[in-house]
Amino acid sequence: MACRIINNLIKHINMKTIKISIICAAIISALSITSCTSCSTGGGRKGTDELSDSLKTAMEMERQKKEEPEFDIITNLGTIRIKLYSKTPKHRDNFIKLVSEHYYDSILFHRVIEGFMIQTGDPYTKDPSKAALYGQGGPDYTIPAEFVNEYWHKKGALAAARKGDIANPKKSSSGSQFYLVQDENNCLHLDGQYTIFGETIEGLDIIDKIAGVKTDIYDRPVNPVRIITIKPVEQEVSQDAKPEAGNDSLKVSSDTSKVIK
């Protein structure tokens, strides 16, 4: 009788122990599942955030490409890569338009002054028989000046040529002619006088190379320096009009008569 009671007591205790063990195991399992779910959810959130950041970065880069597009000016002496500024939209959009029309294909650098700048953009230079008119060509419109204080005539700056102040008191820019600064020290006096609408981001050595070629008494290269074409960087691939006067108002310095045509 005593033995039977003892055996029943042991069985009862064992059943309770088993039940307690099962309950503990279930609790531990639940905690583990909750923990894993939390980790998984956090990781997913982090992954989503990272994807969102990447998308934002890509969208920002695309916006910058549209607002400040880059172009390769491909010449027979090398390639100059430029970036157009967003704060001079009239000049930017006009340049984009001319490039899309291949306006600059085969145009010469008709005015090259070492220690100053190199100038191009005159469609007359496509025709050697119009050499007397070099510096006077362009479309039949001008572009309103867009002066921005933060843009200055640093080396490689891209700026629009124009007629002199007497004929052009509003300092409106030529419809197509532009120049690239070779020596900023000799161009600083031009700040606030000519619209700067871009800068060179690659190819400063090509500007130096072009500036260093032999020129004649008119500052024209003896051996022609030509723009083969201008291509938008993202694609990796731009009329003559009767002029009233040449775009010859840019002076090398305040005490010299040399000008950019």
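Structure notes:
- The residues in the stretch 203-223 that are among the charged types (D, E, K, R) and either in a loop (DSSP other than H, G, I, E, B) or farther than 16 Å from Leu180 by Cβ (or both) can be counted, and the count is 4.
- Residue within the stretch 148-155 that is under 24 Å from Tyr103 (Cα atoms) and either out of contact with any Cys (no Cβ under 9 Å at 6 or more places or on another chain) or modelled with pLDDT under 95 (or both) present: no
- Test: residue in the stretch 189-198 that is of a type in the set (Ser, Thr, Tyr) and more than 13 Å from Val112 (Cα to Cα): yes
- Among the residues of the stretch 107-135, the one identified as part of a loop (DSSP other than H, G, I, E, B), touching a Ser or Thr at 6+ places or on another chain (Cβ under 8 Å) and either hydrophobic (A, V, I, L, M, F, W, C) or loosely packed, with under 15 Cβ neighbours inside 10 Å (or both) is Ile107.
The values are calculated or read from the model by the stated rules, or taken from the named source; none is laboratory data. Just so you know, these numbers come straight off a predicted model, no measurement behind them. Every residue, glycine among them, receives a Cβ derived from its backbone with ideal geometry; neighbour counts consider all protein chains shown.
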